[in-house]
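What follows is one structure encoded as structure tokens, with my remarks underneath.
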Amino acid sequence: MNRTTRSRLRLVSVLLAAAASAGLPAGAGVAAAADVGAPQRASVPSCTSAQVVANSARRIGGTQIGITVVNKGSKPCTLTGFPTVALAGLGSPDKNKPLNVIRQGSSAPVQLAVGGRASTQLTFTPVLGEADGYCASGATPFAAPSIVVGVAGGKQQLAPDDGGDFALCGQSIRATAFRAAGA
């Protein structure tokens, strides 16, 4: 018997002994024995709309908006996916014009501690020219004083941080998945 085989047999016997001392039934296997003493990870529940608050719609250049959400709840939560986006007036967020969200990149769960932040970036086709403007595609420009961002099952209405309007061409906006953001 070579040295590697003896080492593996010794490891298996140690794991089986650990399983027996932990009260696992005979034949429970090496995998069950290996889990003895392993820390159990508690799953963090999904964020709810009552927990997360969007703080602003900050302009990034002429065609992008950064949205940051903060966990204002009393417990950590997990945020996953992409936002929904609609244009709205200054009234109710329920009276809005939904936009087609084109997802950019892949999505992964983001665990938010209390006070933790996640962000997404929205990119739109800009209106060109002055005053009424025009769309290079020939589409009719559309402007609104606020957007409604769907996050964690709720809707949050935001105005741009510079006090202007959201102006875009077409019915689509590109959005990245939520990602962890700095403090």
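The values are calculated or read from the model by the stated rules, or taken from the named source; none is laboratory data. The structure displayed is predicted, hence computed values, not measured ones. Neighbour counts run over all protein chains shown; Cβ positions are idealised from the backbone, glycine included. Ligands, DNA and RNA are stripped out before the accessible areas are found, and what is left, the full protein with its side chains, is counted by its heavy atoms. Shrake-Rupley method; radii C 1.70, N 1.55, O 1.52, S 1.80 Å.
Carbon-plus-sulfur fraction of the accessible area of segment 77-170, 1.4 Å probe, in percent?
Carbon and sulfur: 52 percent of the exposed surface of segment 77-170.
Nearest 0.05, what FRET efficiency do Lys72 and Lys95 give at R0 = 25 Å with Cβ-Cβ as r?
Calculated value: 0.50.
How much accessible area per residue does segment 32-177 have, counting only protein heavy atoms and a probe of 1.4 Å, in square angstrom?
Per-residue accessible area for segment 32-177 comes out at 53 Å².
Tell me, what ³J(HN,Hα) does each residue in segment 111-116 have, in order and in whole Hz, if you take phi through Karplus 6.51 cos²θ - 1.76 cosθ + 1.60 with θ = phi - 60° and put x for Gly and Pro?
Computed from phi, the couplings for segment 111-116 are 7, 10, 5, 4, x, x Hz.
What residues qualify as long-range amide H neighbours of Ala181, i.e. H under 5 Å apart, gap of 5 or more or another chain, H built at 1.01 Å from N?
Long-range HN contacts for Ala181: Arg117, Ala118, Ser119.
For Thr80 and Ser172, compute 0.36 nm times the residue count separating them, minus their Cα-Cα distance, and round to one decimal in nm.
Net length gain for the segment: 31.0 nm.
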